[in-house]
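The values are calculated or read from the model by the stated rules, or taken from the named source; none is laboratory data. Just so it is clear, the model here is predicted, and its values are computed rather than measured. Every residue, glycine among them, receives a Cβ derived from its backbone with ideal geometry; neighbour counts consider all protein chains shown.
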Amino acid sequence: MGVNQAAADSLRWLRATIAPGSRYPELDQEAAAVPPGAEGLFFLPYLSGERAPGGLPHARGVFWGLSTAHSRAHRYWKGWPATCARQPN
């Protein structure tokens, strides 16, 4: 596990993008209903590059496996832990 270049900024971006005006507890409650594995959705949180390992200033974030079956709860559920732990989940 390493650091995330801008974890708080990533979380703010995530909430502003998928749920403007929502509060984190509301999103937490929605995300609790998402099944394990989030139906194949993954998130890489490198929205501002990355420092470790080795310094990757041009790294960028991505939702992978996104489909119309994925709700904002899916994206929040996969985005939050990936941002905090800096691990693809």
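Observations on the structure shown:
- Within the stretch 25-44, being closer than 29 Å to A59 by Cα, among the aliphatic types (A, V, I, L, M) and outside any helix (DSSP H, G or I) holds for V34, L41, L44.
- Selection status of A6, at pLDDT 95 or above and surrounded by 14 or more Cβ atoms within 10 Å (Cβ to Cβ): no
- For E39, the test of being surrounded by 13 or more Cβ atoms within 10 Å (Cβ to Cβ), on the phi > 0 side of the Ramachandran plot and at pLDDT 80 or above is passed.
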